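First up is the structure itself, then whatever we jot down about it.
We did not get these values from a lab; they are worked out from the coordinates using the rules stated. Everything numeric in this text was worked out from a predicted model, so none of it was measured. As a convention, Cβ positions derive from the backbone with ideal geometry for all residues, glycine included, and neighbour counts pool all protein chains shown.
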Amino acid sequence: MKKGEFTFTLIKPTAVRLGNLVPILHEIDLAGFAVIAMKMTRLSRAQAERFYEIHKERPFYRDLVEFMSSGPVLAAVLQKENAVNDFRKLIGNTNPSQAEDGTIRKKFARSVQENAIHGSDSDDNALIEANFFFSQFEIFSH
Ligand code: CMP
């Protein structure tokens, strides 16, 4: 995987539970991202705590960990030029009430916490997050 050409995403428990998994993957496909790793899994509380450790001091951390371990999620690594920034544009603002029309969060999020999907915020974090979920044998870089 070349730095700058991939990002990591998680489709969150509510979106999976409401049957929005395939519609969201369709949007990602239409936007030109190639799936190079993918798995459906459920995070333990300890795993969710580790994944969101950078938010440990934030007031929403406990609730977030609870929510993210409440049901299955879909984890994927996506390849495209300028992947991190393009993907953040595709998913829209963290808060769906501020997300632009046409973005995934505008269409599928229910609240700031249950905002349907996560996307890495930097190339460094994309690598850390991809390695959190996948081994080198599970990522099929083009
Ligand atoms: P995500 O992109 O996964 O990164 C951190 C997550 O924390 C965010 O999406 C939301 O699901 C959740 N969150 C809950 N409350 C807030 C908040 N007030 N500000 C930012 N993120 C929040």
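Points to keep in mind about this one:
- Of the GluC sites (Glu not before Pro) in the stretch 12-60, those whose Cβ has at most 11 other Cβ within 10 Å and which sit in DSSP loop: 57
- In percent, rounded to a whole number, the relative contact order of the stretch 6-138 is 38, using alpha-carbon pairs under 8 Å and six or more apart.
- For the stretch 1-116, a crude dipole built from +1 on the beta carbon of Lys and Arg and -1 on the beta carbon of Asp and Glu, taken about the Cα centre, is about 240 debye to the nearest 20.
- Reach of residue 106 by Cα under 28 Å, taken over lysines that are not fewer than 8 positions away in the same chain: 12, 39, 56, 80, 89
- Theoretical ellipticity at 222 nm over the chain - DSSP helices of four or more residues, -39500 (n - 2.57) apiece, nearest 500: -10500 deg cm²/dmol
- Space enclosed by the convex hull of the alpha-carbon atoms of the chain, per residue, Å³: 99
- GNM top mover of 28, 91, 54 - the chain, alpha-carbon springs below 10 Å: 54
- Each Lys or Arg adds one and each Asp or Glu subtracts one; over the other residues with Cβ under 11 Å from the Cβ of residue 14, this totals +2.
- Positive dipole terminus of the stretch 6-138, leading residue within 99, 60, 83 (C-beta point charges): 60
- Under 5 Å from the amide H of residue 93 lie the amide H atoms of 99, 100, each residue being 5 or more positions distant or on a separate chain, with H modelled from the backbone and absent for Pro and chain starts.
- The GluC sites (Glu not before Pro) of the stretch 60-130 meeting both criteria, a DSSP state outside H, G, I, E and B (loop) and at most 13 other C-beta atoms within 10 angstrom of the site's C-beta, are 81, 100.
- The stretch 107-138 and the stretch 6-55: distance between their alpha carbon centers, rounded to Å: 6
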